[in-house]
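Written out below as structure tokens is the structure these notes cover.
The values are calculated or read from the model by the stated rules, or taken from the named source; none is laboratory data. Predicted, not measured: the structure shown is a model, and the values here were computed from it. Virtual Cβ from ideal backbone geometry, glycine too; neighbours counted across all protein chains shown. Accessible surface is based on the protein model in full, side chains and every heavy atom, while ligands, DNA and RNA are left aside. Shrake-Rupley method; radii C 1.70, N 1.55, O 1.52, S 1.80 Å.
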Amino acid sequence: MNMTNANIKKEFSVPYYVPVGNEKVIFTAAYNQGLSILLKGPTGCGKTRFVEAMAYELDRPLITVSCHDDLTTADLVGRYLLKDGVTEWVDGPLTRAVREGAICYLDEVVEARKDTTVVLHPLSDYRRQLPLERLGVTLDAAPGFCLVVSYNPGYQSVLKDLKDSTRQRMVAIEFDYPTPEVEQGIVAKESKISSLQAAKLVKLGQAIRRLETGGLREVASTRVLIAAGQLVAEGLSLRDAALAAIAGPLTDDMQVGNGLRKMVEVYLQD
Ligand code: ADP
């Protein structure tokens with residue numbers, strides 16, 4: 001079969017994503033209407049992979065920013081930098097996305113400094129505008145631009161909740177871990193282990209999730225199950241892999257750690 005280069009590129013770069021509900025339908029509808037999107041859900045449940053898949057499907061460039069508590073408006077929008085003795089304006093990732101009509105994904109947006117809402121508000125409502133105060137201009141977002149933010153409601157302190165005025169400018173899509181059957185398929189494929197091995201890891205993950213966080217800040221995500229699977233693919237036993245990739249990262253607390261290690265022994269005797 002004859003394929004053009006573009007086809008070949010498309011064929012091989014398609015992000016692997018298994019839909020878990022109607023998230024694709026909601027995203028596409030919101031995107032078509034120029035609405036901003038809020039992805040809510042625990043860490044490691046597929047939000048980032050989903051945005052990658054949607055950017056691919058909608059054929060838009062994707063610009064991702066991992067937000068942290070030092071992230072300022074200038075980091076998003078841009079700043080003057082000294083280059084060869086002259087100051088030069090350099091666009092930040094948000095400005096680039098606005099100019100290019102890209103999908104801009106702000107991962108864990110509540111981590112960013114509060115002042116960033118000043119630029120996010122006019123962008124995320126009907127105005128679709130980005131004020132560049134330092135340049136004295138306001139940019140209209142190019143067609144195709146879409147602001148997507150993610151937020152993990154479980155982890156925020158009261159102080160770090162997303163402001164109502166921000167969330168009411170967005171269409172929310174709720175995420176949770178996939179059903180055991182779907183998750184088993186994802187873990188097997190992503191870590192290249194057998195379905196049976198993946199099923200055992202998922203069973204352990206499910207049991208940890210049922211603990212309702214007894215001392216855990218976060219439960220076992222799809223991401224940590226995949227990491228355990230990757231160790232299994234390297235030849236480790238399920239038990240050792242789960243101790244290293246699941247029990248270890250989830251807690252530093254001795255007692256909780258002992259509890260998790262016991263669960264690993266019970267669920268994963270080889
Ligand atoms: P989040 O952004 O919610 O923290 P990620 O998108 O990084 O989570 O997901 C973690 C990993 O789990 C991904 O790299 C991917 O391997 C896998 N994953 C989770 N959900 C899915 C899904 N529905 N389809 C395919 N892979 C998934």
Problem set entry | Any chance Ala188 is small (Gly, Ala, Ser) and closer than 29 Å to Ala247 by Cα | yes
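Residue-wise test of (1) more than 30 Å from Leu231 (Cβ to Cβ); (2) within 18 Å of the chain's Cα centre (by Cα).
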| position | (1), (2) |
| --- | --- |
| Leu106 | yes, yes |
| Thr116 | yes, no |
| His121 | yes, no |
| Gly154 | no, yes |
| Gln184 | no, no |
Problem set entry | Any hit, region 157-173, residues being assigned to a helix (DSSP H, G or I), away from the ligand (no atom under 13 Å from the Cβ), in contact (Cβ under 8 Å) with a residue 40 or more places away in the chain and not assigned by TED's automatic domain parsing to the domain that holds Glu23 | no
For this session: Would you confirm whether any residue within region 202-224 is within 15 Å of the ligand (Cβ to nearest atom), out of contact with any strand residue (DSSP E or B) (no Cβ under 7 Å at 6 or more places or on another chain), of a type in the set (A, V, I, L, M) and over 30 Å from Val25 (Cβ atoms)?
Result: no
Exercise. Being part of a helix (DSSP H, G or I) and modelled with pLDDT of 95 or more, is that true of even one residue in region 60-69?
Worked result: no
Exercise. Of all residues in region 202-242, which are part of a helix (DSSP H, G or I), touching a residue at least 24 places away in the same chain (Cβ under 8 Å), under 24 Å from Gly154 (Cα atoms) and not aliphatic (A, V, I, L, M)?
Worked result: Lys203, Gly205, Gln206, Arg209, Thr222, Arg223
For this session: Could you list all residues from region 243-270 that are touching a Lys or Arg at 6+ places or on another chain (Cβ under 9 Å) and in contact (Cβ under 8 Å) with a residue 24 or more places away in the chain?
Result: Leu250, Thr251, Val264, Glu265, Tyr267, Leu268, Gln269, Asp270
Problem set entry | Single residue of Ala199, Ala172 found to be under 18 Å from Ala241 (Cα atoms) and either out of contact with any strand residue (DSSP E or B) (no Cβ under 6 Å at 6 or more places or on another chain) or open to solvent by 40 Å² or more (accessible area, probe 1.4 Å) (or both) | Ala199
